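See structure below.
The values are calculated or read from the model by the stated rules, or taken from the named source; none is laboratory data. Keep in mind the model is a prediction, meaning the values are calculated, not measured. Here the Cβ positions follow ideal geometry from the backbone for every residue, glycine too, while neighbour counts run over all protein chains shown.
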Amino acid sequence: MLALTDKQAQLAEMPLEGRIFLEGPAGSGKTTAAIARLMHLVSKGVPGQSVMILVPQLALASPYAEAIRSPDMKAGGQPTVLTFGGLARRTAELYWPMIAAEAGLGTLIALQHS
């Protein structure tokens, strides 16, 4: 279980509806608060597969991936952790067949680093 400050706990337990914008300098506890929020959402019945976490670079995804794999995470569908580039790639892969057929383009072949 995460050790939270009062502000982090308050953020984690905010009502399920609505939006939250969280900002602060490096090391201020934003990721810890966001992970606590994720755990709270799932514990309140929000399906994990309906949660998407966007991070600016892949290196910042690891704390979320660790939290998702932890025994504290409620069983069920898993949240998706993506970079903005990953979201763009998934969207292109999803809609390319419709776009390509309409425009007379070829098949999308996504190459990935091995």
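Mind listing whichever residues of region 33-72 are closer than 25 Å to GLU17 by Cβ, assigned to a helix (DSSP H, G or I) and not aliphatic (A, V, I, L, M)?
Scanning region 33-72 gives ARG37, HIS40, SER43, GLY48, GLN49, SER50, TYR64.
In region 4-23, which residue that is aliphatic (A, V, I, L, M) and outside any loop (DSSP other than H, G, I, E, B) is nearest to the chain's Cα centre (by Cα)? Give the derivation first.
So in region 4-23, the residues aliphatic (A, V, I, L, M) come out as 4, 9, 11-12, 14, 16, 20, 22.
Imposing the further condition that a residue be outside any loop (DSSP other than H, G, I, E, B) reduces the set to 9, 11-12.
Values: ALA9: 19, LEU11: 17, ALA12: 15 Å.
The selected residue is ALA12.
Condition test on ILE68, is it in contact with a Phe, Trp or Tyr (Cβ under 6 Å, 6 or more places away or on another chain) and surrounded by 13 or more Cβ atoms within 10 Å (Cβ to Cβ)?
So ILE68 fails the test.
Kindly indicate the residue of region 1-38 that is of a type outside the set (S, T, N, Q) and touching a Ser or Thr at 6+ places or on another chain (Cβ under 9 Å) and also farthest from ALA75 (Cα to Cα) among those meeting that condition. Show your work before the answer.
Initial filter on region 1-38 (of a type outside the set (S, T, N, Q)): 1-4, 6-7, 9, 11-27, 29-30, 33-38.
Then drop every residue that is not touching a Ser or Thr at 6+ places or on another chain (Cβ under 9 Å), which leaves 2-4, 29, 33.
On the way: LEU2: 18, ALA3: 22, LEU4: 23, GLY29: 26, ALA33: 21 Å.
So the residue we want is GLY29.
When you check GLU23 against the structure, is it surrounded by fewer than 10 Cβ atoms within 10 Å (Cβ to Cβ), in contact with a helix residue (DSSP H, G or I) (Cβ under 9 Å, 6 or more places away or on another chain) and farther than 19 Å from ALA3 by Cβ, yes or no?
On the way: surrounded by fewer than 10 Cβ atoms within 10 Å (Cβ to Cβ): yes; in contact with a helix residue (DSSP H, G or I) (Cβ under 9 Å, 6 or more places away or on another chain): yes; farther than 19 Å from ALA3 by Cβ: yes.
So GLU23 passes the test.
Could you give me the residue pairs with C-beta distances under 9 Å whose first residue belongs to region 32-47 and is surrounded by 19 or more Cβ atoms within 10 Å (Cβ to Cβ), whose second residue is assigned to a helix (DSSP H, G or I) and of a type in the set (Asp, Glu) wherever it lies, and which are 6+ apart or on separate chains?
ILE35/GLU66
If only one of ALA26, ALA75, ALA110 is modelled with pLDDT of 90 or more, assigned to a loop (DSSP other than H, G, I, E, B), over 13 Å from the mean Cα position of the chain (by Cα) and among the hydrophobic types (A, V, I, L, M, F, W, C), which one is it?
Details: ALA75 fails: modelled with pLDDT of 90 or more; ALA110 fails: modelled with pLDDT of 90 or more.
One residue alone meets the criteria, ALA26.
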